[in-house]
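To start, the structure under review is shown below, and the notes come after it.
What follows is calculated from the coordinates using simple rules that are stated; it is not laboratory data. All figures in this text were calculated on a predicted structure; none of them were measured in a lab. Here Cβ is always computed from backbone atoms with ideal geometry, including for glycine, and neighbour counts include all displayed protein chains.
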Amino acid sequence: MKVGIFDSGTGGMSVLHEAYHLLGDDVSYIFYADLDHVPYGLKTTDQIIKYSKDIAEFLIKKGVDAIVVACNTATAAAIEVLRHDYDLPILGMEPAVKPAVEETELRKRILVMATPVTIREDKLAHLLERVDDYHRVDLLPMPNLVTFAENGEFDSENVESYILERLDNLNISDYQALVLGCTHFNYFKPSFRKIFGSCTLIIDGNAGTIRHLADICGLKLNDKPDKKVEFSDLSNMLKYGKTEYYISGRPINDEIYYNKLLTLHNRLEAIREL
Ligand code: DGL
């Protein structure tokens, strides 16, 4: 079984990384980062639909059996078109509001951080209509975090002051859960943990998406999901899941970039339990 996973950029690596934890070695992967067009969160819906269709066609030509849209923004803008136009399982990602509602107390609030597109598209409003019965969810667009992530800037003072600035009008102690509604935001978990404290749940949709993929495609879940997935060198990383990496349709042939991916995988592993 070959799975194509795509995102506007390296955020989708957090979904690939979770797949390594949860799925067995009968699955291989193509990971596609559309770095020519990142960030999607500041593009029009039509642009995102076009990029997503180009990527789906590329992945289908490469022989994938299923596609994971590892991007909340592309899901919000394009998932219906993709499912209508292509005949294979296509899984999207939505901010994990449902588990947040289920896992928190009624008197507490939930904060969803996402890109401006995810917040503006109807999909999230429909999700809230279905699951946020007591109007406990607040939405906060974080337009600059994707660019920080693509620049590999995760723990700097700039990042922390940007997050604090965006939270300026909110009372942090009201929130029992923070939902990461963008796959790039996973890289900032240490800053979120520092700002929100140890009692706030930080919830992302990665494991839910991979479990759903397993369910739809009849894949067996790994019986040791918490075994460490970290890489000492590139060959070790590339062997894992026989993953092929592409940037906007071009295979990566640059060791510096591969090393960046290795650092990202190892960062994701180190902060997985935060
Ligand atoms: N990782 C994408 C998401 O989950 C980021 C979109 C962007 O490029 O702005 O929404």
Cα-Cα over 21 Å: which of LYS189/LYS242; LYS228/LYS260; LYS189/LYS224?
LYS189/LYS242; LYS189/LYS224
For all pairs of alpha-carbon atoms in region 25-174, what percent lies in each bin of width 5 Å, listed from the first bin to the last filled one?
2, 8, 16, 18, 18, 16, 12, 7, 3, 1
So for region 204-271, averaging the separation of alpha carbon pairs under 8 Å that are six or more residues apart and normalising by length, what relative contact order in percent results?
31
Virtual paramagnetic centre 7 Å along Cα→Cβ of ASP65, amide N under 19 Å, in region 225-250
240-244
FRET E, pair ASP54, LEU88, Förster distance 22 Å, beta-carbon r, rounded to 0.05
0.85
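State the number of lysine pairs found in region 7-98 whose Cα atoms come within less than 25 Å, restricting to pairs 8 or more positions apart or on distinct chains. Could the numbers behind the result be given before it?
On the way: LYS43/LYS53; LYS50/LYS61; LYS50/LYS62; LYS53/LYS61; LYS53/LYS62.
Total qualifying Lys-Lys pairs in region 7-98 comes to 5.
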Please order ASP223, ASP7 by the number of other Cβ within 10 Å, starting at the fewest.
ASP223, ASP7
Could you check the spin-label model distance between ALA125 and GLU102? Points 7 Å from the Cα along Cα→Cβ, value in nm.
2.7
List the extent of the Cα atoms of the chain along each of their three principal axes, largest first, rounded to whole Å.
47, 41, 37
Once you've got the GNM for the chain with C-alpha springs shorter than 10 Å, pick whichever of ILE216, ILE110, ILE90 has the biggest mean-square fluctuation.
ILE216
Report the charge-dipole magnitude of the chain in Debye, nearest 20, computed about the Cα centre from +1 at each Lys and Arg Cβ and -1 at each Asp and Glu Cβ.
280
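To the nearest 0.05, how large is the calculated FRET efficiency for LEU42 and HIS212 if R₀ is 22 Å and r is the Cβ-Cβ distance? The partial results should precede the final answer.
Numbers: r = 28 Å, r/R0 = 1.27.
After rounding to 0.05, the efficiency reads 0.20.
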Using the Karplus curve 6.51 cos²θ - 1.76 cosθ + 1.60 with θ = phi - 60°, work out ³J(HN,Hα) for each residue of region 123-138 in order, rounded to whole Hz, and write x for Gly and Pro.
4, 5, 4, 5, 4, 5, 4, 6, 10, 9, 4, 9, 6, 9, 9, 10
Helix 45-61: inclination vs the chain longest Cα principal axis, degrees, rounded to 10, gives 30
What residues have an amide H closer than 5 Å to that of TYR245, excluding those fewer than 5 places away on the same chain, when H is modeled at 1.01 Å from N in the peptide plane?
PHE31, ILE252
For the chain, modelled as a Gaussian network with Cα springs under 10 Å, which listed residue fluctuates most, LEU178, LEU213, LEU164?
LEU164
Tilt relative to the chain, helix 13-22 - C-alpha long axis, 0 to 90 degrees, to 10:
80
What three numbers, in Å, describe the spread of the alpha carbons of region 1-57 along their principal axes, ordered from the longest?
37, 21, 16
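Give the relative contact order (percent, whole number) for region 73-146; include only Cα pairs under 8 Å separated by 6+ residues. Walk me through the numbers before you get to the answer.
Details: 73 pairs, mean separation 27.1, N = 74.
Dividing the mean separation by the residue count of region 73-146 yields 37 percent.
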The chain: angle of helix 255-270 to the longest principal axis, Cα-based, in degrees nearest 10:
50
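Order of 249-258, 133-142 by packing, highest average Cβ count within 10 Å first? If you can, show how the numbers build up before the last one.
On the way: 249-258: 10.8, 133-142: 15.9.
My ranking of the peptides, most packed first, is 133-142, 249-258.
Taking each pair of different alpha-carbon atoms in region 148-237 once, compute 1/r for the pair, average those values, and report the inverse of that mean as the Kirkwood hydrodynamic radius in Å to one decimal. Working shown, then result.
On the way: mean 1/r = 0.0633 Å⁻¹.
Its Kirkwood hydrodynamic radius stands at 15.8 Å.
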Contact order relative to length of region 34-166, as percent, for alpha carbon pairs under 8 angstrom and 6 or more apart
24
